[in-house]
Amino acid sequence: MKKTGALVLFLLSLALAQSVQEILDRVEKNLSTPWQAVVQGRVETPSGAEALLVRVYALPQENLFRLEFQKPASLEGNFTVITEKEVWNYLYLTNQLVISPKEKAQVQGLGFSPQGLGDVKALSERVRLQLSGEVRLEEGVAWKLLGQAREGEGFARVELYVLKADPRPVRFVFLDEKGKVLADLRVVSFSRASLKAQDLKRYPRDAQVVRR
């Protein structure tokens, strides 16, 4: 009986290990067509905890994502465009478009890269994800994935909640190395959308373009 129990636990551990990639594959397939959503919650900024509200527009097949910031007030009017190789950060107050390589880009005043908010595949390339189990959220039953971030990401760990019935992220929790919550964000108002690349890439014609 002991051997049988040990075998069951071993097989279960293998199944859980394999499920992470399976979950990510389901999310990628489910979110392969254009969509939009709102990300809202609380985030730690240099001036303290503040409300965050971001509208996300996604063209996954073109590896193109746009995040428009409405809260906090310090980021209102700013937006971020994530392309296959670059991140464009538009700063409303200075009318600058700051273009950086994707691997080192962050949002000024936010403290961590927002890439994972629209692109779970990008997030999985920067953290080591493990399946922690299942939890029940307002949206329904969700998988809970835990991730350990690489150095320099602006956060140490992440909790990612993926809806089972409609495989997509519904909550992100970013933490520092001491376990302090840097951001607790929910994805709401999700819908399929008709989007064009030129709309996601638009920025003011008179903006100063700066490459870093």
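Summary table
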| read-out | value |
| --- | --- |
| Residues of the range 165-180 satisfying the condition of being surrounded by 11 or more Cβ atoms within 10 Å (Cβ to Cβ) and without any contact (Cβ under 8 Å) to a residue 24 or more places away in the chain | 173, 175, 176 |
| Filtered residues of the range 110-128 (kept if open to solvent by 30 Å² or more (accessible area, probe 1.4 Å) and either in a strand (DSSP E or B) or modelled with pLDDT under 65 (or both)) | 111, 128 |
| Selected residue [open to solvent by 20 Å² or more (accessible area, probe 1.4 Å), in a strand (DSSP E or B) and modelled with pLDDT of 95 or more] from 191, 132 | 191 |
| Verdict on residue 105 being at pLDDT below 90 and open to solvent by less than 30 Å² (accessible area, probe 1.4 Å) | yes |
| Those residues of the range 186-212 which are more than 21 Å from the chain's Cα centre (by Cα) and of a type in the set (A, V, I, L, M), in sequence order | 207, 209, 210 |
| Answer residue from the range 26-52, given it is open to solvent by 40 Å² or more (accessible area, probe 1.4 Å) and closer than 25 Å to residue 95 by Cβ and is modelled with the highest pLDDT among those | 50 |
| Failed criterion for residue 144 (all others in (1) over 13 Å from the mean Cα position of the chain (by Cα); (2) touching a residue at least 12 places away in the same chain (Cβ under 8 Å); (3) part of a loop (DSSP other than H, G, I, E, B) hold) | (3) |
| Within the range 164-188, considering residues that are of a type in the set (Gly, Ala, Ser) and assigned to a loop (DSSP other than H, G, I, E, B), the one farthest from residue 90 (Cα to Cα) | 165 |
| The listed residue being touching a Phe, Trp or Tyr at 6+ places or on another chain (Cβ under 7 Å) and among the charged types (D, E, K, R), out of 136, 150, 168, 157 | 168 |
| The range 53-92, residues that are in contact with a helix residue (DSSP H, G or I) (Cβ under 9 Å, 6 or more places away or on another chain), open to solvent by 40 Å² or more (accessible area, probe 1.4 Å) and farther than 24 Å from residue 171 by Cβ | 62, 84, 85, 86, 92 |
| Filter result for residue 160 (touching a helix residue (DSSP H, G or I) at 6+ places or on another chain (Cβ under 9 Å) and part of a strand (DSSP E or B)) | yes |
| Top-ranked residue of the range 155-164 - restricted to ones that are free of Cβ contacts under 8 Å to residues at least 60 places away in the same chain, crowded, with 19+ Cβ neighbours inside 10 Å and closer than 17 Å to residue 137 by Cβ, ranked as farthest from the chain's Cα centre (by Cα) | 163 |
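The values are calculated or read from the model by the stated rules, or taken from the named source; none is laboratory data. Since the structure is predicted, the reported quantities are computational estimates derived from the model, not experimental observations. For neighbour counting, all protein chains shown are included, and Cβ atoms are generated from backbone atoms with ideal geometry for every residue, glycine included. When the accessible area is computed, the model is the full protein with side chains, heavy atoms only, and any ligands, DNA or RNA have been set aside. Shrake-Rupley method; radii C 1.70, N 1.55, O 1.52, S 1.80 Å.
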